[in-house]
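J.: I have a structure here, written as structure tokens, and I will follow up with some questions on it.
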Amino acid sequence: MPAARTVLLPIPAEQAFALLTDIRRHADWVPLTRIDVLGPTDDDGRLVPGGEFVATTGPLARSGAPGLADRMRLTELRPPRTDARASGTARYTKVGPVLTGWAVLSVHPLGVACSEVTWTERIGVRRIPAAVTDALGTLPTTGMLRTVLGRVAREVAAAPHPG
């Protein structure tokens, strides 16, 4: 069973999508985690579909120490369009070697200066039945998503906005 969390952000959907899909920023929000972008990337250093990154989590991971590696591949990147009230989606697949599953970021425009962000994630462990990892992992994953999206929301609220 996947974990999910939704938050409203007082910024346009295109801006929210750009912020949340910049994988390099995830280390600012995900506790005890460093991000290593493997590529390929575009000219701005952002992952393109097929691009991979590793999120390494552990007590000293941010200082370069080993930790639990979550290698992921961007499999879909469809930005939102406020003018067409079209939602955006970024889909990531966990490619191991230990963790399996997926993550999806969905951004829905709620007018020109507000968006709804939903982060859904299912984390599995290779060779352990999904029923077991779901039973043990959904609650902590939901807590992680609450922390991450809470940090994103506080960052957005603290940033100066035109108008």
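J.: It is to be established whether one or more residues within segment 10-20 are farther than 20 Å from residue 90 by Cβ and either touching a residue at least 12 places away in the same chain (Cβ under 8 Å) or exposed (fewer than 15 other Cβ atoms within 10 Å of the Cβ) (or both).
T.: yes
J.: Right, another one. Would you be able to tell me the number of residues in segment 44-58 that are modelled with pLDDT of 95 or more, of a type outside the set (Val, Ile, Thr) and either surrounded by fewer than 16 Cβ atoms within 10 Å (Cβ to Cβ) or within 16 Å of residue 99 (Cα to Cα) (or both)?
T.: Number satisfying all stated conditions: 6.
J.: Now a separate question. Which members of segment 112-129 meet the condition of being without any contact (Cβ under 8 Å) to a residue 24 or more places away in the chain and farther than 21 Å from residue 57 by Cβ?
T.: Answer for segment 112-129, where residues must be without any contact (Cβ under 8 Å) to a residue 24 or more places away in the chain and farther than 21 Å from residue 57 by Cβ: just 129.
J.: For the structure I just gave you, tell me whether residue 90 is in contact with a helix residue (DSSP H, G or I) (Cβ under 8 Å, 6 or more places away or on another chain) and modelled with pLDDT of 95 or more.
T.: Considered against the rule, which asks whether it is in contact with a helix residue (DSSP H, G or I) (Cβ under 8 Å, 6 or more places away or on another chain) and modelled with pLDDT of 95 or more, residue 90 comes out as yes.
One line per residue, one yes/no per condition, for (1) part of a helix (DSSP H, G or I); (2) in contact with a helix residue (DSSP H, G or I) (Cβ under 8 Å, 6 or more places away or on another chain); (3) not β-branched (Val, Ile, Thr):
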position	(1), (2), (3)
97	no, no, yes
108	no, yes, yes
120	no, no, no
123	no, yes, no
128	no, no, no
135	yes, no, yes
145	yes, no, yes
157	yes, no, yes
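J.: Could I ask something else about it? Looking at segment 63-87, which of the residues that are charged (D, E, K, R) and modelled with pLDDT of 95 or more is surrounded by the most Cβ atoms within 10 Å (Cβ to Cβ)?
T.: The extreme case among them is 70.
J.: Which ones in segment 5-40 are assigned to a strand (DSSP E or B) and either of a type in the set (Gly, Ala, Ser) or in contact with a helix residue (DSSP H, G or I) (Cβ under 9 Å, 6 or more places away or on another chain) (or both)?
T.: 5, 6, 7, 8, 9, 33, 34, 35, 37, 39 - these are the residues of segment 5-40 that are assigned to a strand (DSSP E or B) and either of a type in the set (Gly, Ala, Ser) or in contact with a helix residue (DSSP H, G or I) (Cβ under 9 Å, 6 or more places away or on another chain) (or both).
J.: Next up: Looking for something closer than 23 Å to residue 116 by Cα, among the aromatic types (Phe, Trp, Tyr) and within 14 Å of the chain's Cα centre (by Cα) - is there at least one such residue anywhere in segment 53-67?
T.: no
The values are calculated or read from the model by the stated rules, or taken from the named source; none is laboratory data. All of these numbers come straight from a predicted model, not from anything done at the bench. Positions of Cβ are generated from backbone atoms using ideal geometry, with glycine treated the same way; all protein chains shown enter the neighbour counts.
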